[in-house]
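Presented below is the structure to which this report refers.
The values are calculated or read from the model by the stated rules, or taken from the named source; none is laboratory data. Everything quoted here is computed from the prediction, not taken from an experiment. So basically every Cβ, Gly included, is an ideal-geometry build from the backbone, and we count neighbours across all protein chains shown.
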Amino acid sequence: MSDFIKISKGFSKLGRRYLFVGMTAIAGTTMIGTPLLAADPVKVAVLVPDSGAAGLFGPSTRNAATLAAEQINARGGIAGSQIELVFADAGLSPADVVGSVVRLVRQDKVSAIVGMHDSAVRVAVANAVRQQVPYIYTPVYEGGECAAGVYVLGETPQQQLATVIPWLSNKKDLKKWYLIGNDYNWPRNTNDQAKGYIAKAGGTVVGEEYLSFDVSNFDASIRNIQASGADTVLITLVGGASVGFNVAFAQFGLADDVVRLGTLIEENTLAGIGAANAMNLYSSSGYFASNDSAANKRFTADYVARFGADAAQLNSLGESAYEGLLFLEAAGNRAGSLDFAAFDKVANGTSFNGPSGAVKMANRHVNQSIYLANGTGGTFSVEMEFKNVASGETCM
């Protein structure tokens, strides 16, 4: 997961039917308490990008985590204890986030961490926590995280592309691929793996380029794509860059004939691109809010009932925090507590059913369903589900 343009949106108010000890701001954190009279609650830190480039996803992440905690507590909590969420801003610098995490672990005595933030923060937090408490990392990422005590729920490049590229290539008779992304590790690592999947599907890479985050004019890149003869563009641009590129791409008249596939184009990004610019635009993800499965219908209905029809838009990144807490519940109940050693013994092999389907942890990553959705018309329509896709990671 990576940087996005910040769009502020209000966090929904707590519903009247929930009575809490309170919401207290302390040293950059926010605490949502458990119901009154609950005995011996356990605290869980939830790291959310409330500020910075990824602030767009703070409200949906907070909402999804809050809903998960309330549902877990209604089911009896984790190993018999109610849970109490303590939110901290993960949109700050890695050093600042680590400062908050250290306070949460040492002073507030949190028993686990669920993080939805970028990889730089993940590496810093993993180094700081060092197996003191379980640390669950939830968003899409570049792969390769094997630090002990870190449990990854996000999609890896193998999951998003290994089955999607051959399926889409066959469906659309795609042969010539152009790769474009922002210039940092997630796009580069994703594209390194994509080249192998493209070759196995009988395609070739006819161009590859990486752009800085401050680029706002994409004319030269689009002319390069035109000159290459590409019939497909794999997009690993982020947030505002993805919006700007895709709008310009359509305005150049390429959208009718050239397929676009993104690995981080979710509902907010698609809204920014707009229906008029979304022809032949596909996205690969572990979650779409429009998925019509029974599990997702229940989740979206619960979300709207809890936070209102005008609540922050559900998306794969926000929803991942919900699944992070479901995994914490499933593994904690298997272990009988959130004690790190006990939790770690049972983490691999733990499974749960979430809005995106059945999820099972193996090698401290998860096997999960991957969905390919078509954004033509400005809303995502899921065209294919690939079930139980392995992460490709080999952490022990």
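General observations
- For segment 258-295, filtered to residues that are within 20 Å of the chain's Cα centre (by Cα) and among the β-branched types (Val, Ile, Thr), the residue that is modelled with the lowest pLDDT is Thr269.
- In segment 41-61, the residues that are closer than 17 Å to Arg306 by Cα and touching a Leu at 6+ places or on another chain (Cβ under 9 Å): Ser60, Thr61
- The set of residues in segment 331-365 being among the aliphatic types (A, V, I, L, M) and within 16 Å of Ala79 (Cα to Cα) consists of Ala331, Ala335, Leu338, Ala341, Ala342, Val346, Ala347.
- Scanning segment 172-207 for residues that are at pLDDT 95 or above, hydrophobic (A, V, I, L, M, F, W, C), surrounded by 18 or more Cβ atoms within 10 Å (Cβ to Cβ) and assigned to a helix (DSSP H, G or I) yields Ala194, Ile198.
- Residue match in segment 324-338 (condition: outside any strand (DSSP E or B), touching a residue at least 40 places away in the same chain (Cβ under 8 Å), surrounded by 21 or more Cβ atoms within 10 Å (Cβ to Cβ) and out of contact with any strand residue (DSSP E or B) (no Cβ under 8 Å at 6 or more places or on another chain)): yes
- Selection within segment 203-245 - touching a Leu at 6+ places or on another chain (Cβ under 6 Å) and of a type in the set (Asp, Glu): Glu208, Asp231
- You will find that of Phe245, Phe249, Phe299, the residue that is in the same structural domain as Glu84 (by TED's automatic domain parsing) and part of a helix (DSSP H, G or I) is Phe299 and no other.
- Subset of segment 352-396 that is in a loop (DSSP other than H, G, I, E, B) and among the small types (Gly, Ala, Ser) - its residue that is farthest from Phe340 (Cα to Cα): Gly377
- Residue check, Pro49 crowded, with 23+ Cβ neighbours inside 10 Å and farther than 17 Å from Leu338 by Cα: yes
- Residue that is farthest from Ser284 (Cα to Cα), among those in segment 148-171 that are surrounded by 21 or more Cβ atoms within 10 Å (Cβ to Cβ) and of a type in the set (Ser, Thr, Tyr): Tyr151
- Within segment 73-97, being buried (at least 19 other Cβ atoms within 10 Å of the Cβ) and within 21 Å of the chain's Cα centre (by Cα) holds for Leu85, Val86, Phe87, Ala88, Asp89, Ala90, Gly91, Leu92, Pro94, Val97.
- Selection status of Tyr210, more than 16 Å from Val258 (Cα to Cα), among the hydroxyl-bearing types (Ser, Thr, Tyr) and either out of contact with any Pro (no Cβ under 7 Å at 6 or more places or on another chain) or assigned to a helix (DSSP H, G or I) (or both): no
- If you go through segment 123-136 and keep only what is at pLDDT 95 or above, surrounded by fewer than 24 Cβ atoms within 10 Å (Cβ to Cβ) and part of a loop (DSSP other than H, G, I, E, B), you end up with Gln132, Val133.
- Boolean, Ala120 is surrounded by fewer than 21 Cβ atoms within 10 Å (Cβ to Cβ), modelled with pLDDT of 95 or more, in a helix (DSSP H, G or I) and not assigned by TED's automatic domain parsing to the domain that holds Trp186: no
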